[in-house]
Each structure stands twice: as C-alpha cells, then as structure tokens.
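The values are calculated or read from the model by the stated rules, or taken from the named source; none is laboratory data. The shown structure was predicted, so the numbers you read here are calculated from the model rather than taken from an experiment. Cβ: placed from backbone, ideal geometry, glycine included. Neighbour counts: every protein chain shown. Calculation scope for accessible area: heavy atoms of the full protein, side chains included, ligands and nucleic acids excluded. Shrake-Rupley method; radii C 1.70, N 1.55, O 1.52, S 1.80 Å.
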Amino acid sequence: MKGRNAIVGIIVVGIVTLILLKLYVFKKQEVVQAKDPLPTESFIQQHLIADDGRIRTNITDQSEIYLSETVGLWMDYLLAKEDSEQFNKQAKVLKKYFLTSDYLVAWELKGTIKAPANASIDDFRIMNAFYEAGEKWNNRSYTKMARKMAESLSKYHLRQGFLVDYVDLETKYQGTEITLSYIIPAAFDRLKEEEVITSNTYNLTQQLLLELPNSSIGFFPKTYNVPTKELIYDDQVNLIDQFYVGYHRAQWGGDVSPLLAFAKQAFSDGGGMIYGRYDGVTGRPIVEYEAVAVYALAILMCLEIGEVEFAEKLISRMNTLQVRDFKQPYYGGYIDLHSRDTHTFDNLLAMIAERRWIDEQAY
C-alpha cells in the first residue's frame with residue numbers, strides 16, 4: 001500500500017511539474033512575443049549592420065564610418081528588448097573594434113582606423129549598459145567590463161571635480177568642457193553606487209544639470225566650461241541637444257516645464273511639426289526639415305514626466321517619417337526613399353522611444 005501511494009505521489013508530482021513547465025514555457029513565449037523586433041530593427045539588420053556586426057552610419061556616403069554612439073544606443077535598445085544574444089554580439093564588436101587597452105572607447109572608426117579621442121556620453125552609456133546587462137543576465141564578465149570602463153572614466157576624465165567631454169586616447173590630454181547633454185543620470189548613479197567617483201563629483205554634476213537656467217524661450221545652455229565656470233548658449237539651437245538635456249534632467253527629477261512649453265508651442269505653430277533647429281533669440285525655426293531624433297528624445301522626455309497625451313502626438317508625427325509600406329525594400333526605416341538619406345542615430349532613437357512607449361502602454 002505504501003509503495004502504491006509513493007508511486008501515485010510521484011505521478012502527481014510529475015503531472016504538476018509538467019503543468020508548471022508548460023505554464024513557464026507559455027509565459028516565456030508571451031515575453032518573446034511582447035519583445036518581437038520592431039520594423040525599424042529589421043531595417044537596421046538588413047541594411048545597416050555589416051557582416052562583421054558593426055553598424056554603418058548610413059547607407060550612402062558614410063557606409064564605412066562607424067560610431068561608438070551607435071554601439072551604445074543599440075545596446076540600450078537590446079536591453080529594453082531583452083535580447084541577450086544580440087547584446088553579446090555587439091559586446092564582442094565593441095571589444096574588437098572600439099575599445100582601447102585603457103578601456104576607453106574611440107568615438108569613430110573610419111574603416112578600422114580609430115579616432116584619436118573618445119566622447120564621454122558614449123563611454124557612459126556603454127558602461128551603464130554593461131552594468132545593467134550583468135545584472136539582467138547574471139553575467140559577471142559584463143559587470144567586470146563595466147567596472148574597468150568606469151575606473152578609466154574616473155581616472156582620465158576627471159578635471160576640477162567634473163568628468164569632461166573627451167580625452168586624447170594616446171596622450172590623455174583632457175578637454176575643458178562638458179556638453180550638458182552628455183550627463184546621463186543613470187551612469188552617474190552607477191558610478192556613485194560603485195564608489196568609482198566621489199560624492200563631491202556626483203553632487204557637482206547633479207547640481208550642474210538640475211540648476212541650469214533656461215533662456216526666456218525655454219532653452220538650456222549647451223556647454224559648461226569647467227575652468228572658467230561659464231555656461232554657453234547656442235545662437236542656433238539644435239533641438240536634439242535640448243531634448244537630451246530635458247530628458248536627462250527629468251530623470252533626476254528636474255523641472256523641464258519651460259522646454260516643454262516651447263515644444264508644445266512649436267508643435268502648434270508648425271501645424272503639428274517640430275523642426276530641427278531654432279533661433280536662440282527669436283525661437284523661430286531656421287531650417288525646414290524635421291529630425292526623427294528630435295521627436296524621439298521629446299517623446300522620451302514626455303514619458304519621463306508623464307506627458308502621455310503630447311507624447312502620443314509626437315509618436316504619431318514621428319511615424320509619418322517612417323516607411324510603413326511593407327512592400328517597400330526599406331520598410332520600417334526612417335529613410336528618404338528618393339535620396340536613400342537615412343541616419344542610424346535617428347533610427348535607433350526612434351526604436352528606443354517606440355519600445356518604451358509600447359512597454360509602458362502594456363501595463
């Protein structure tokens with residue numbers, strides 16, 4: 001009798017295990033379904049990623065130029081998509097082509113020739129992506145890479161308590177300025193948590209970003225000169241810089257209402273469009289083109305502060321710049337079909353914004 005009960009018990013346990021396993025597989029399938037490639041990702045895979053895994057800047061005159069900016073944004077997207085396989089491939093590309101022996105990242109490759117300097121925004125973004133990937137996928141090698149990059153940033157970029165824009169990769173000569181859009185809060189949070197930078201550097205950086213004055217139109221300054229402590233405004237304002245600053249400032253809980261007010265007014269005055277550049281004094285557009293990246297960053301800023309209604313309008317307008325006819329060879333891409341003009345930067349930021357929009361609407 002005891003033997004029968006034991007057999008019955010084993011059968012019951014087996015059945016329960018099978019049911020739980022099926023539920024787990026079904027749940028995993030749901031996750032995969034929710035993170036299927038966006039149309040823009042397919043466009044990038046087909047037309048912009050080279051056989052060696054590097055991502056071209058465009059498909060015309062810069063097809064042999066590769067940027068560290070692209071590596072970082074692609075990693076951010078793959079993290080949001082939860083695509084560990086592609087992330088690992090790009091990590092190998094970074095190590096093989098971009099990374100120096102000092103664990104700094106060359107900002108550009110022309111063929112296989114590294115640029116002589118880095119750009120701290122890209123090092124920050126890639127470093128933080130490795131930290132996040134290490135946690136998400138329990139991969140110690142990613143965490144180790146992040147730590148080495150973090151230590152190099154602290155060692156070579158520190159000037160008067162701040163981490164400046166760039167260093168010469170050979171001589172380690174430092175720049176003197178901080179492009180304010182380069183301050184990525186998540187990266188500085190990491191650097192502080194890992195005790196790679198001091199509380200003083202963290203506080204100085206956070207204070208700089210959160211206490212930036214707005215112009216009368218709502219624009220932020222573009223750069224901060226560390227030795228002179230001077231804030232510098234652009235006469236001709238690129239809204240990519242502005243919305244980057246706004247997005248990052250909002251991530252630390254800062255006020256972006258003047259910039260948001262400008263964006264809404266510009267959108268209204270433009271008949272449902274925002275242009276790429278504006279006069280810093282008059283606030284009038286000085287170009288006639290739209291930039292996908294402007295919409296993407298404005299969307300991210302709006303989602304950060306809960307401006308969902310305006311974000312939806314921006315998403316709708318951004319989508320009009322995308323090839324949405326699946327019969328077209330460049331389906332999914334943000335590309336001019338006649339000139340084949342496209343920018344990987346635009347496509348990546350659009351994907352990141354769309355991925356966040358989809359994920360947030362799912363909850």
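A few remarks follow.
- The dipole here belongs to the chain: it is taken about the Cα centre, uses +1 on the Cβ of Lys and Arg and -1 on the Cβ of Asp and Glu, and is about 1620 debye.
- Among 142-150, 265-273, the order from most to least packed when residues are scored by Cβ within 10 Å on average: 142-150, 265-273
- Only protein heavy atoms count here; under a 1.4 Å probe, Asp83 has an accessible surface of about 30 Å².
- Debye log10 I(q)/I(0) for region 218-325, one point scatterer per Cα, at q = 0.14, 0.15 Å⁻¹: -0.54, -0.61
- In this calculation the C-beta distance from Gln236 to Thr112 is compared with R0 = 41 Å, giving a FRET efficiency of 0.75.
- Region 123-201 and region 256-292 have Cα centres spaced 32 Å apart.
- Amide hydrogen neighbours beyond the local backbone of Glu290, cut-off 5 Å, H modeled: none
- Square roots of 5 times each gyration tensor eigenvalue, C-alpha, the chain, largest first, Å: 37, 27, 22
- Across region 78-85, rounded Karplus estimates of 3J(HN,Hα) from the backbone phi angles (6.51 cos²θ - 1.76 cosθ + 1.60, θ = phi - 60°) give 5, 5, 5, 7, 6, 9, 5, 5 Hz, Gly and Pro being marked x.
- Across region 47-205, Cα-Cα pairs farther apart than 27 Å form 20% of the total.
- Residues in region 254-263 carry Karplus couplings, in order, of x, 7, 10, 4, x, 5, 4, 4, 4, 4 Hz; the curve used is 6.51 cos²θ - 1.76 cosθ + 1.60 with θ = phi - 60°, and Gly or Pro positions show x.
- Heavy-atom accessible surface of the chain: percent carbon and sulfur, 1.4 Å: 51 percent
- Global form of region 282-331, assessed from the alpha-carbon gyration tensor, a/c cut-off 1.5: oblate
- Taking label positions 7 Å along the Cα-Cβ direction at both Asp51 and Asn88, the computed distance is 2.3 nm, reported to one decimal.
- Here the simple spin-label model places points 7 Å from the Cα toward Cβ, and for Arg324 and Leu158 these points are separated by 5.1 nm.
- Per residue, the accessible area of the chain comes to 49 Å², computed with a 1.4 Å probe over protein heavy atoms only.
- Karplus 3J(HN,Hα) series, Hz, for region 114-122 with 6.51 cos²θ - 1.76 cosθ + 1.60 (x for Gly, Pro): 6, 5, x, 9, 10, 10, 4, 4, 6
- Legend: residue pairs Lys114/Lys172; Lys95/Lys155; Lys144/Lys192; Lys92/Lys114; Lys92/Lys148, Cα-Cα distance threshold 18 Å; pairs beyond threshold, Lys95/Lys155.
- Only protein heavy atoms count here; under a 1.4 Å probe, Val308 has an accessible surface of about 60 Å².
- Ranking Pro221, Pro285, Ala80 by how far each Cα lies toward the positive end of the dipole of the chain (charges on Cβ) leaves Ala80 at the top.
- Dividing the helix sum by the residues of the chain, where each DSSP H run of 4 or more adds -39500 (n - 2.57), gives a mean residue ellipticity at 222 nm of -17000 deg cm²/dmol.
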